[in-house]
Amino acid sequence: MSAPLQRLAILGATGSIGESTLDVVQRHPERYRVTALTANGNTQKMAALCHQFQPRIAVMADEAAARELEAALGASASIEVLAGSRCIAEVAASDAVDTVVAGIVGAAGLASCLAAASAGKRVLIANKEALVVAGDLVIAAARESGATLLPIDSEHNGLFQCLGSAGGAQRSLEGVAALVLTASGGPFRTRPVDTLANVTVDEACAHPTWSMGRKISVDSATMMNKGLEVIEAARLFGISGKRVEVLVHPQSLVHALVRYCDGSLLAQLGLPDMRTPIAHALAWPDRIDAGVAELDLAQLGALEFEAPDPARFPCLDLARQALSAGAACTAALNAANEVAVDAFLANRLAFDRIAGIIEETLGSMNQDSLDDLDSLIAHEQTARRRAAAILEQYHS
Ligand code: NAD
Ligand code: MG
């Protein structure tokens, strides 16, 4: 029996995840139809994607970009062009789509991810920040609506695979001793720590094994990416952060492992190519061709592993502390990190001060226990303002 056609909304279509998703999708026109694409401001790229994939709906983050896209598409285009974050969330919840790829970067993706989860969609989650800011709400919304959450962050997708094929992401963890996320160590794994003040944006974005957007590349260089992923794993799989381990593995071929109580360790391996986890989640429980080459272990010879160095990567500990402190603290951690990484990317902050901005911001926030969306968003907005003010002090 052939699989039913899935109508897709790809949020963040112009980004790295969007590109990998569209590459897999165009290999399987009989299974997937692109119904909606959304993007921030890159109208040229969006226009090209609209020509190629002919979605029914295209949404840009603001009016000006939407008008520009309309002009680029021409008067004869039958694509409905919309604008604004509310429209992105409406598209994510629309009856016209079955599957939503949450590929927006940052907390900006939370509203649409939550809308898709609340509307009972099949939601492929790349946007880890949504889970760091309000993961419990996303999980609860999915449980209530019957949505299927499928992780496409490679480590979490690997965990999902090693945990067995039954159920959604919220499966039983009986017999599981620990979840293990691997980390490449990024571009600065062996660089002398006392030279980290001088690294350039290009150096920080030159990831040794993965090709990704700029924000996640910087997060990988500080290892905040792995910190965010520990929180993501805890929320997605309903497990204490103490049972989520991090292992440095420079080749990025083993993506994750599940340690069982009987001594078994199950690992998921593959080339560092996001098309593998995306294809897995698109087709789950089936398997489809992702366009990814075979991993030749004999040719490779050896795999290396080491423990992460806390002095080199202080962000990892900051994230773990935030996870133990609760949802308000993880929302503030993410906000401060977004502000600090933006500043680094704009050459307004030295690389080795990113962790300091986050630590100071967290120290200045109260640690209320917050669990509703409005309070969490207000709290993360406050954290953004605090982080920006601390950044200003660095300059004065
Ligand atoms: P990217 O910067 O390449 O793309 C981001 C996308 O989000 C773009 O399409 C952009 O237009 C859109 N966007 C940005 N700000 C927006 C806003 N305010 N409103 C609406 N749309 C907005 O980023 P990426 O590398 O594709 O990462 C996307 C997400 O996936 C991140 O959360 C990242 O952590 C996660 N992720 C990425 C990878 C990867 O290989 N790239 C791997 C694992 C997880
Ligand atoms: Mg990852």
**Study point:** Residue list for the range 5-60, restricted to those being more than 14 Å from ligand 1 (Cβ to nearest atom) and touching a residue at least 60 places away in the same chain (Cβ under 8 Å)
**Key:** Q6, R7, L8, V25, R27, H28, R31, Y32, T35
**Study point:** Residue pairs meeting the criteria (Cβ under 6 Å; at least 6 apart or on separate chains; first closer than 16 Å to N225 by Cα and more than 14 Å from ligand 2 (Cβ to nearest atom), in the range 148-169; second of a type outside the set (K, R) and modelled with pLDDT under 95)
**Key:** none
Exercise for review: Residue by residue through the range 153-165, note down the ones that are within 16 Å of ligand 1 (Cβ to nearest atom) and farther than 14 Å from P272 by Cβ.
Suggested key: H156, L159, F160, Q161
Review point. Do we find a residue being of a type outside the set (S, T, N, Q), within 13 Å of ligand 1 (Cβ to nearest atom) and touching a residue at least 40 places away in the same chain (Cβ under 8 Å) anywhere in the range 116-123?
Key: no
Exercise for review: Considering only the range 95-114, state which residues are of a type in the set (S, T, N, Q) and within 16 Å of ligand 2 (Cβ to nearest atom).
Suggested key: none
Exercise for review: Inspect all residues belonging to the range 306-317 and state whether any of them is touching a helix residue (DSSP H, G or I) at 6+ places or on another chain (Cβ under 6 Å) and of a type in the set (A, V, I, L, M, F, W, C).
Suggested key: yes
Practice item. Determine whether E294 is surrounded by 11 or more Cβ atoms within 10 Å (Cβ to Cβ) and among the charged types (D, E, K, R). Key: no
Review point. Pick from Q367, Q393, Q381: which is modelled with pLDDT under 95, in a helix (DSSP H, G or I) and not β-branched (V, I, T)?
Key: Q393
Point to revise | Any chance A281 is modelled with pLDDT of 95 or more, of a type outside the set (K, R) and part of a helix (DSSP H, G or I) | key: yes
Check your understanding: Any idea which of L37, L22 is in contact with a Pro (Cβ under 8 Å, 6 or more places away or on another chain) and either in a strand (DSSP E or B) or crowded, with 21+ Cβ neighbours inside 10 Å (or both)?
Key -> L37
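Residue by residue, here is whether (1) more than 13 Å from ligand 2 (Cβ to nearest atom); (2) within 12 Å of the chain's Cα centre (by Cα) holds:
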| site | (1), (2) |
| --- | --- |
| A206 | yes, no |
| T209 | no, no |
| M212 | no, yes |
| I231 | no, yes |
| F237 | yes, no |
| S240 | yes, no |
Study note, to complete from the structure: If you go through D273, D289, the only one that is surrounded by fewer than 19 Cβ atoms within 10 Å (Cβ to Cβ) and outside any strand (DSSP E or B) is D289
**Study point:** Selection count where residues are more than 16 Å from ligand 2 (Cβ to nearest atom), of a type in the set (A, V, I, L, M) and either crowded, with 24+ Cβ neighbours inside 10 Å or in a loop (DSSP other than H, G, I, E, B) (or both), scope the range 115-136
**Key:** 6
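The values are calculated or read from the model by the stated rules, or taken from the named source; none is laboratory data. Just so it is clear, the structure is predicted and the values come from calculations on it, not from any experiment. Cβ coordinates were reconstructed from backbone atoms using ideal geometry, including for glycine residues, and neighbour counts include every protein chain displayed.
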